[in-house]
Amino acid sequence: MNWDEIEGKWEQFKGKVREKWGKLTDDDVAQIKGKRDQLEGKLQERYGYAKDRVAKEVNQFLDSDECRTGCASSCATSNRTDSSRV
């Protein structure tokens, strides 16, 4: 999973993001609008995480089953060119 896929399908991913990071409010998620830097900034703000920890958590989320599951129906027909990330 890459961030471009999430950004393009943000409406489908908002719930997964809220499940993963429950301290984010609906307003936070609406302001993020699928932008990774906005998500990372909100995570730093809400959780007090250092920038490197936030980047690590977001990367783990991208590689997680919960992220892939959230995308399963909406991304099933997308053309994947990055076959190395399975």
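The values are calculated or read from the model by the stated rules, or taken from the named source; none is laboratory data. The structure displayed is predicted, hence computed values, not measured ones. All Cβ positions, glycine included, derive from the backbone under ideal geometry; neighbour counts span all protein chains shown.
Can you tell me how many residues within the range 14-39 are more than 15 Å from Glu57 (Cβ to Cβ), buried (at least 18 other Cβ atoms within 10 Å of the Cβ) and under 10 Å from the mean Cα position of the chain (by Cα)?
2
Looking at Val54, is it β-branched (Val, Ile, Thr), at pLDDT 80 or above, surrounded by 15 or more Cβ atoms within 10 Å (Cβ to Cβ) and more than 11 Å from the chain's Cα centre (by Cα)?
yes
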